[in-house]
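Only one structure is covered here, and it is reproduced in the block below.
The values are calculated or read from the model by the stated rules, or taken from the named source; none is laboratory data. Predicted, not measured: the structure shown is a model, and the values here were computed from it. All Cβ positions, glycine included, derive from the backbone under ideal geometry; neighbour counts span all protein chains shown. Remember, those area values only see protein heavy atoms, side chains included, never the ligands or the DNA or RNA. Shrake-Rupley method; radii C 1.70, N 1.55, O 1.52, S 1.80 Å.
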Amino acid sequence: MPRHAEDDSEVSPTSLDENSPLLQHEPSEIRRRPPKLQLAILFLIQICEPITALVIYPFVNQLVRSTGVVGDDEKRTGYYAGIIESLFFWAEGATVLLWQIASQQYGRRPVLLLAPLGLGISMISFGLAKSFLGLVITRAFQGTFNGDVGVTKTALAELTDPSNRAEIMAMVPVFLNVGGTLAPFIGGIFSEPAHNWPNTLGKIELFQNRPYLLPCIISGILCLIGFGFALVGLEETHPSFKSSSVLKSPRSDRTTISLVPHARSVKDSLSTLFTRDVTLVLVASGFYAICVMSLRALQALIWSTSIENGGLGFNAFTIGTINTAFGIPNAVFQFLVLGKLMRHLGSKRAMLSFFILSFLALGLYPLQTHFAQQAGAVDWRVWSVIVIQLLCMSCKALGFASLLIFAVEVAQSPACIGLVQGTVQTTSVLMRGVAPALATSLFAYSIEHEVWGGYMVYVVLGMINLGAIGFAHLLPVVHAIVRKAELEDPHNSVLDGRRVSHAKHADDVGIFPSL
């Protein structure tokens, strides 16, 4: 007899194989809820990534100068600061796929326990270092233990299904933005406590001798808190390490189908991994990383460099305050609007919009420094340009959300999801390692040798950004929007959600529901 609708919520673990489409057919009105506690723990672990990566940006240039490695030449700061900024992502990129493979062999939980523990310890060690070599070593360990970012995304995918995946994935950039907002606040407000908090924290001798230790301690403690919650409450999500590939929410009798079935070996999955669409997404993730991290690295360097040397002359406290003041309303805006905006644009147009706005944001840096040098100070014109630039830079959430959807939808089978996520993450973090060193070194070289009036850095990075805009037109269309009738058709058992174009009917069901 045909299977009735009321039986659809009970799916046998054996009904899924690695050739199953990512978007299973099921009644559109059924939206299963993944376990909230597990999601909260995973998001907490993921927040640690942007915090540890970005907390140093408000003070990294001052920290590098304090080691004496640049001598008395402020213009050379960019060379050494770029090494510290990029080393985190080089180490992360070198290990992210290894962490992903380890999670395939030993489960997600061991990896997601070890990584935040090591990250917290290495973050505190970074604040204790006083030599440039000590900064290099501890920064490399931070990147190594942060290589679990792909595993976190895979675990999130395994906790969701097509009825709720888009809604959960839309929250990932929101939580990352929370971490990106906390990072400059911690790094700027709590650096140099002897100067900023002379009557309280400034009286502690340790903070007097190590002015940038306190923000590192706070960041490290947040990582250790994530480790503590994971130790107590995190459950294994890899179906091969569970008694069943059906994950049950502890607070609901309804079931959630794991995205990744009992997979074959990594070698078998690799044979079907690098399709044309996957390759395009890998290149897009590299362009995305270069654009985002170049803007971030230039912001820290330009804002901390004196006006006479082509900067704005801000201290760490001011840099942290500006980013925090903008980050809070930006996070709220993304929480309320991002899902709807992604549903309206689709992944391809959202990525193209990000590249265009990123190009505009880059072009506003020379305008800032030009106005500052004209006035000999930061006047209202400079502040106006800063506000416009920060608004453009907030578009990075569009690009990030697009990559999350692309990484799931272009995979040829559920068995490839983990490897696609790991490969995309590896490409991204490697380019995030290249971008800061490239941007800051180009800036230092342009200013030191006055190449093209000191604007060579903007010309080179602008050409890369224009290339990204052109490349975005080659990306596949993965709007993953299907008609309700197709979802409810019991005979449509091979509905492929990876290649469904925009539907024009009133009863369409979007992958990004209203948030």
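With every protein chain left in place and a probe of 1.4 Å, what is the accessible surface of Thr279, to the nearest 10 Å²?
Result for Thr279: roughly 60 Å² accessible.
Which residues' amide hydrogens lie under 5 Å from the amide hydrogen of Thr305, considering only partners 5 or more residues apart or on another chain, with H built in the peptide plane?
HN-HN under 5 Å from Thr305: Leu312, Gly313, Phe314.
Please compute the length gained on full extension between His473 and Ser384, using 0.36 nm multiplied by the number of residues separating them and subtracting their Cα-Cα distance.
Taking His473 through Ser384 to full extension adds about 28.8 nm, to one decimal.
Using only the alpha-carbon atoms of region 303-455 as identical scatterers, what base-10 log of I(q)/I(0) does the Debye formula give at q = 0.09, 0.16, 0.17, 0.18 Å⁻¹?
Values returned for q = 0.09, 0.16, 0.17, 0.18 Å⁻¹ are -0.40, -1.05, -1.13, -1.21.
Please report the accessible area of Glu92 (heavy atoms, 1.4 Å probe, ligands and nucleic acids excluded) in Å², nearest 10.
0 Å²
Output ³J(HN,Hα) for region 66-72: one whole-Hz value per residue in order, computed from phi by the Karplus curve 6.51 cos²θ - 1.76 cosθ + 1.60 with θ = phi - 60°, and x for Gly and Pro.
Result, ordered by residue: 5, 6, x, 5, 9, x, 9 Hz.
Given a 1.4 Å probe and heavy atoms of the protein chains only, how would you sort Asp148, Asp73, Asp379, largest accessible area at the top? It would help to have the intermediate numbers written out before the result.
On the way: Asp148 10, Asp73 55, Asp379 35 Å².
From most accessible down to least: Asp73, Asp379, Asp148.
Roughly speaking, what is the stretch gain from Val332 to Lys130, that is 0.36 nm per residue apart minus the C-alpha to C-alpha distance, in nm to one decimal?
Values: separation 202, 0.36 × 202 = 72.72 nm, distance 3.77 nm.
Answer, rounded to one decimal: 68.9 nm.
Each residue of region 102-108 in turn: what ³J(HN,Hα) in whole Hz from Karplus with 6.51, -1.76, 1.60 and θ = phi - 60°, glycine and Pro shown as x?
Each residue of region 102-108 in turn: 4, 5, 6, 8, 10, x, 6 Hz.
Among residues other than Leu438 whose Cβ falls under 14 Å from its Cβ, what is the net charge (Lys/Arg +1, Asp/Glu -1)?
Once all neighbours under 14 Å are counted, the net charge is +1.
Ordering Tyr445, Tyr288 by accessible area with a probe of 1.4 Å, largest first, what comes out? Kindly include the intermediate steps, with their values, before the conclusion.
Details: Tyr445 100, Tyr288 25 Å².
Ranked from most to least accessible, the order is Tyr445, Tyr288.
Quick one: how many Å² of Lys203 are accessible to a 1.4 Å probe, rounded to 10?
140 Å²
Probe radius 1.4 Å, ligands and nucleic acids left out: which of His344, His449 has the largest accessible area, and how do the rest follow?
Values: His344 125, His449 100 Å².
Accessible-area ranking of His344, His449, largest first: His344, His449.
For region 57-210, what does the equivalent ellipsoid look like in terms of its semi-axes, each the square root of 5 times an eigenvalue of the Cα gyration tensor, given largest first in whole Å? Don't jump to the answer; show the numbers that get you there.
Details: eigenvalues 229, 69, 44 Å².
The answer is 34, 19, 15 Å, longest axis first.
Roughly speaking, what is the stretch gain from Leu466 to Arg33, that is 0.36 nm per residue apart minus the C-alpha to C-alpha distance, in nm to one decimal?
Gain on stretching Leu466 to Arg33: 151.8 nm.
Convert each backbone phi in region 124-138 into a coupling constant with the Karplus relation 6.51 cos²θ - 1.76 cosθ + 1.60 (shift: θ = phi - 60°), then list the ³J(HN,Hα) values in order as whole Hz, x for Gly and Pro.
In residue order, the calculated couplings are 5, 4, 4, x, 7, 5, 10, 9, 5, 5, x, 5, 4, 5, 5 Hz.
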